[in-house]
(Lines give C-alpha, C1' and ligand atoms only; values in the text may rest on other atoms or scores of the structure.)
Protein backbone atom coordinates (compact mmCIF):
# COMPACT_ATOMS: atom_id res chain seq x y z
CA UNK A 1 0.00 0.00 0.00
CA UNK A 2 1.42 3.37 -1.04
CA UNK A 3 0.15 6.83 -0.17
CA UNK A 4 0.04 9.82 -2.50
CA UNK A 5 -0.81 13.48 -1.98
CA UNK A 6 -1.39 15.54 -5.13
CA UNK A 7 -1.22 19.29 -4.53
CA UNK A 8 -3.20 21.07 -7.23
CA UNK A 9 -5.58 18.23 -8.10
CA UNK A 10 -8.64 20.09 -9.33
CA UNK A 11 -8.00 19.73 -13.06
CA UNK A 12 -5.51 18.81 -15.77
CA UNK A 13 -2.49 16.76 -14.80
CA UNK A 14 -3.34 16.86 -11.10
CA UNK A 15 -6.78 15.42 -11.64
CA UNK A 16 -5.40 12.80 -14.02
CA UNK A 17 -3.10 11.64 -11.23
CA UNK A 18 -6.19 11.05 -9.08
CA UNK A 19 -7.87 9.04 -11.82
CA UNK A 20 -4.87 6.83 -12.59
CA UNK A 21 -3.69 6.26 -9.02
CA UNK A 22 -7.20 5.44 -7.78
CA UNK A 23 -7.40 2.56 -10.26
CA UNK A 24 -5.19 0.62 -7.84
CA UNK A 25 -7.31 -0.08 -4.74
CA UNK A 26 -4.16 -0.56 -2.66
CA UNK A 27 -3.19 3.09 -3.08
CA UNK A 28 -4.18 5.79 -0.61
CA UNK A 29 -4.88 8.75 -2.89
CA UNK A 30 -5.40 12.27 -1.56
CA UNK A 31 -5.97 15.35 -3.70
CA UNK A 32 -5.67 18.94 -2.52
CA UNK A 33 -7.73 21.64 -4.18
CA UNK A 34 -8.59 25.24 -3.42
CA UNK A 35 -12.26 24.25 -3.70
CA UNK A 36 -12.72 20.51 -2.99
CA UNK A 37 -16.47 20.27 -3.72
CA UNK A 38 -16.35 20.37 -7.56
CA UNK A 39 -13.52 17.82 -7.52
CA UNK A 40 -15.46 15.51 -5.22
CA UNK A 41 -18.53 15.82 -7.44
CA UNK A 42 -16.52 15.07 -10.58
CA UNK A 43 -14.97 11.99 -9.02
CA UNK A 44 -18.36 10.83 -7.80
CA UNK A 45 -19.76 11.28 -11.29
CA UNK A 46 -17.03 9.01 -12.65
CA UNK A 47 -17.72 6.38 -10.01
CA UNK A 48 -14.42 6.99 -8.20
CA UNK A 49 -14.98 6.62 -4.47
CA UNK A 50 -11.51 5.85 -3.09
CA UNK A 51 -9.98 9.33 -3.35
CA UNK A 52 -9.85 11.80 -0.46
CA UNK A 53 -10.15 15.44 -1.53
CA UNK A 54 -9.04 18.04 0.99
CA UNK A 55 -8.92 21.82 0.97
CA UNK A 56 -5.44 23.11 0.23
CA UNK A 57 -4.16 26.11 -1.70
CA UNK A 58 -0.58 26.52 -2.93
CA UNK A 59 -0.55 30.18 -1.94
CA UNK A 60 -2.11 29.61 1.49
CA UNK A 61 0.39 28.07 3.89
CA UNK A 62 -2.14 27.64 6.69
CA UNK A 63 -4.41 25.56 4.46
CA UNK A 64 -1.53 23.23 3.57
CA UNK A 65 -0.51 22.80 7.21
CA UNK A 66 -4.12 21.97 8.07
CA UNK A 67 -4.31 19.52 5.16
CA UNK A 68 -1.14 17.78 6.35
CA UNK A 69 -2.77 17.14 9.72
CA UNK A 70 -5.77 15.57 7.97
CA UNK A 71 -3.50 13.50 5.76
CA UNK A 72 -1.68 12.19 8.83
CA UNK A 73 -4.98 10.88 10.17
CA UNK A 74 -5.76 9.16 6.87
CA UNK A 75 -2.35 7.57 6.31
CA UNK A 76 -1.41 6.72 9.88
CA UNK A 77 1.22 9.40 10.26
CA UNK A 78 3.41 9.09 7.16
CA UNK A 79 3.41 9.98 3.47
CA UNK A 80 5.12 8.02 0.70
CA UNK A 81 4.71 10.41 -2.24
CA UNK A 82 4.11 14.15 -2.36
CA UNK A 83 3.48 15.51 -5.86
CA UNK A 84 3.36 19.31 -6.07
CA UNK A 85 1.52 19.96 -9.30
CA UNK A 86 -0.22 23.31 -9.12
CA UNK A 87 1.24 26.10 -11.21
CA UNK A 88 0.58 29.61 -12.48
CA UNK A 89 0.91 30.45 -16.19
CA UNK A 90 -0.75 33.52 -17.61
CA UNK A 91 -1.82 33.82 -21.23
CA UNK A 92 -1.05 37.52 -21.03
CA UNK A 93 2.71 36.95 -21.04
CA UNK A 94 2.96 33.75 -23.04
CA UNK A 95 4.21 35.45 -26.20
CA UNK A 96 6.01 38.48 -24.73
CA UNK A 97 9.81 38.47 -24.98
CA UNK A 98 11.98 40.07 -22.26
CA UNK A 99 12.57 43.30 -24.20
CA UNK A 100 8.87 43.66 -24.98
CA UNK A 101 8.18 44.34 -21.32
CA UNK A 102 9.54 47.84 -21.95
CA UNK A 103 6.59 50.08 -21.18
CA UNK A 104 4.85 47.13 -19.48
CA UNK A 105 6.80 47.16 -16.23
CA UNK A 106 3.71 46.84 -14.04
CA UNK A 107 2.65 43.73 -15.95
CA UNK A 108 6.15 42.26 -15.61
CA UNK A 109 6.27 42.77 -11.85
CA UNK A 110 2.72 41.52 -11.35
CA UNK A 111 3.19 38.37 -13.43
CA UNK A 112 6.62 37.58 -12.03
CA UNK A 113 5.29 37.95 -8.48
CA UNK A 114 2.31 35.71 -9.25
CA UNK A 115 4.50 33.08 -10.91
CA UNK A 116 7.01 32.99 -8.08
CA UNK A 117 4.30 33.00 -5.40
CA UNK A 118 2.49 29.98 -6.84
CA UNK A 119 5.25 28.00 -8.54
CA UNK A 120 8.13 28.51 -6.11
CA UNK A 121 6.82 29.75 -2.78
CA UNK A 122 3.84 27.43 -3.15
CA UNK A 123 6.18 24.47 -3.62
CA UNK A 124 8.11 25.47 -0.48
CA UNK A 125 4.88 25.80 1.50
CA UNK A 126 3.73 22.37 0.29
CA UNK A 127 6.99 20.56 0.98
CA UNK A 128 7.44 22.14 4.41
CA UNK A 129 3.89 21.22 5.38
CA UNK A 130 4.39 17.54 4.53
CA UNK A 131 8.11 16.98 5.16
CA UNK A 132 7.63 15.47 8.62
CA UNK A 133 5.19 12.90 7.21
CA UNK A 134 7.68 12.09 4.45
CA UNK A 135 10.42 11.45 7.01
CA UNK A 136 8.29 8.68 8.53
CA UNK A 137 7.82 6.88 5.20
CA UNK A 138 9.91 4.05 3.83
CA UNK A 139 9.55 5.45 0.28
CA UNK A 140 10.12 9.18 0.89
CA UNK A 141 9.61 10.73 -2.56
CA UNK A 142 8.76 14.38 -3.18
CA UNK A 143 8.11 15.50 -6.75
CA UNK A 144 7.77 19.08 -7.95
CA UNK A 145 6.20 19.33 -11.40
CA UNK A 146 8.49 21.52 -13.49
CA UNK A 147 8.63 22.09 -17.23
CA UNK A 148 10.93 21.53 -20.19
CA UNK A 149 10.45 25.26 -20.71
CA UNK A 150 12.98 25.72 -17.91
CA UNK A 151 15.73 23.88 -19.78
CA UNK A 152 18.30 26.39 -21.04
CA UNK A 153 19.48 24.31 -23.99
CA UNK A 154 15.94 23.68 -25.20
CA UNK A 155 15.05 27.37 -25.04
CA UNK A 156 18.20 28.32 -26.97
CA UNK A 157 17.71 25.64 -29.62
CA UNK A 158 14.04 26.48 -30.07
CA UNK A 159 14.54 30.26 -30.05
CA UNK A 160 11.69 30.56 -27.57
CA UNK A 161 11.49 34.02 -26.01
CA UNK A 162 8.03 34.04 -24.43
CA UNK A 163 6.50 33.08 -21.06
CA UNK A 164 9.34 34.83 -19.24
CA UNK A 165 7.85 34.89 -15.70
CA UNK A 166 6.72 31.27 -15.97
CA UNK A 167 10.06 30.00 -17.28
CA UNK A 168 12.00 31.90 -14.62
CA UNK A 169 9.82 30.43 -11.88
CA UNK A 170 10.18 26.89 -13.21
CA UNK A 171 13.96 27.28 -13.42
CA UNK A 172 13.80 28.32 -9.77
CA UNK A 173 11.80 25.16 -9.04
CA UNK A 174 14.63 23.06 -10.45
CA UNK A 175 17.10 24.81 -8.16
CA UNK A 176 14.71 24.33 -5.26
CA UNK A 177 14.67 20.56 -5.79
CA UNK A 178 18.47 20.49 -5.48
CA UNK A 179 18.41 22.61 -2.32
CA UNK A 180 15.93 20.26 -0.65
CA UNK A 181 17.81 17.18 -1.86
CA UNK A 182 20.99 18.43 -0.20
CA UNK A 183 19.21 19.43 3.01
CA UNK A 184 17.44 16.10 3.49
CA UNK A 185 19.99 13.69 2.00
CA UNK A 186 20.78 12.14 5.38
CA UNK A 187 17.04 11.57 5.94
CA UNK A 188 16.87 9.58 2.72
CA UNK A 189 14.20 11.78 1.16
CA UNK A 190 14.27 11.79 -2.64
CA UNK A 191 13.43 15.03 -4.45
CA UNK A 192 12.82 15.46 -8.17
CA UNK A 193 11.85 18.29 -10.50
CA UNK A 194 9.82 16.48 -13.16
CA UNK A 195 8.58 17.74 -16.52
CA UNK A 196 5.25 16.26 -17.69
CA UNK A 197 6.02 16.87 -21.36
CA UNK A 198 6.22 19.93 -23.55
CA UNK A 199 2.93 21.65 -24.36
CA UNK A 200 2.59 22.69 -28.01
CA UNK A 201 2.23 26.44 -28.68
CA UNK A 202 2.75 28.61 -31.71
CA UNK A 203 6.31 29.18 -30.55
CA UNK A 204 7.38 25.60 -29.87
CA UNK A 205 5.51 23.65 -32.53
CA UNK A 206 8.55 23.99 -34.77
CA UNK A 207 11.31 23.22 -32.29
CA UNK A 208 14.40 22.27 -34.25
CA UNK A 209 15.63 20.13 -31.38
CA UNK A 210 13.28 17.32 -32.38
CA UNK A 211 11.81 17.41 -35.90
CA UNK A 212 9.66 14.35 -35.12
CA UNK A 213 7.67 16.26 -32.49
CA UNK A 214 4.01 16.02 -33.50
CA UNK A 215 2.34 17.97 -30.73
CA UNK A 216 1.42 17.49 -27.08
CA UNK A 217 0.99 14.04 -25.62
CA UNK A 218 -2.21 13.08 -23.83
CA UNK A 219 -2.70 13.56 -20.10
CA UNK A 220 -2.93 9.79 -19.77
CA UNK A 221 0.43 9.21 -21.43
CA UNK A 222 2.08 12.02 -19.50
CA UNK A 223 0.97 10.91 -16.04
CA UNK A 224 1.54 7.22 -16.75
CA UNK A 225 5.07 8.01 -17.91
CA UNK A 226 5.77 10.25 -14.92
CA UNK A 227 4.61 7.56 -12.51
CA UNK A 228 7.03 5.12 -14.11
CA UNK A 229 9.86 7.63 -13.58
CA UNK A 230 8.77 8.19 -9.97
CA UNK A 231 8.61 4.47 -9.25
CA UNK A 232 12.17 3.89 -10.51
CA UNK A 233 13.60 6.94 -8.76
CA UNK A 234 16.45 6.33 -6.29
CA UNK A 235 18.44 8.50 -3.92
CA UNK A 236 21.15 8.76 -6.59
CA UNK A 237 18.80 10.88 -8.74
CA UNK A 238 17.66 13.09 -5.87
CA UNK A 239 17.74 16.75 -6.88
CA UNK A 240 17.61 15.95 -10.59
CA UNK A 241 15.53 17.66 -13.27
CA UNK A 242 14.11 14.99 -15.57
CA UNK A 243 11.47 14.63 -18.27
CA UNK A 244 8.55 12.21 -18.28
CA UNK A 245 10.91 9.89 -20.17
CA UNK A 246 13.30 9.86 -17.22
CA UNK A 247 15.97 11.73 -19.19
CA UNK A 248 16.51 15.15 -20.80
CA UNK A 249 14.18 14.58 -23.77
CA UNK A 250 11.46 17.09 -23.00
CA UNK A 251 9.25 16.33 -26.03
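The values are calculated or read from the model by the stated rules, or taken from the named source; none is laboratory data. Predicted model, so just to flag it, every value in this text is computed and none were measured. When we count neighbours, we look across all protein chains shown, and the Cβ atoms used for this are built from the backbone with ideal geometry, even at glycine.
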(message) Suppose we filter the stretch 229-249 for residues that are closer than 16 Å to residue 189 by Cβ and part of a loop (DSSP other than H, G, I, E, B); how many remain?
(response) 4
(request) Test residue 169 against the stated conditions and say whether it is in contact (Cβ under 8 Å) with a residue 12 or more places away in the chain, over 21 Å from residue 230 (Cα atoms) and buried (at least 20 other Cβ atoms within 10 Å of the Cβ). (result) yes
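Tell me, yes or no, whether the stretch 61-72 has at least one residue that is in a loop (DSSP other than H, G, I, E, B) and buried (at least 19 other Cβ atoms within 10 Å of the Cβ).
Restricting attention to the stretch 61-72, the residues satisfying the condition of being in a loop (DSSP other than H, G, I, E, B) are none.
Taking every residue of the stretch 61-72 in turn, none turns out to be in a loop (DSSP other than H, G, I, E, B) and buried (at least 19 other Cβ atoms within 10 Å of the Cβ).
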(request) Working only within the stretch 206-251, note down all residues that are over 15 Å from the mean Cα position of the chain (by Cα), at pLDDT 95 or above and buried (at least 20 other Cβ atoms within 10 Å of the Cβ). (result) 233, 238
(message) Condition (residue is closer than 15 Å to residue 118 by Cα and touching a residue at least 40 places away in the same chain (Cβ under 8 Å)) applied to the stretch 15-31: is it met by at least one residue?
(response) no
(request) Scan the stretch 112-154 residue by residue and report those that are more than 30 Å from residue 188 (Cβ to Cβ) and surrounded by 18 or more Cβ atoms within 10 Å (Cβ to Cβ). (result) 114, 115, 149, 154
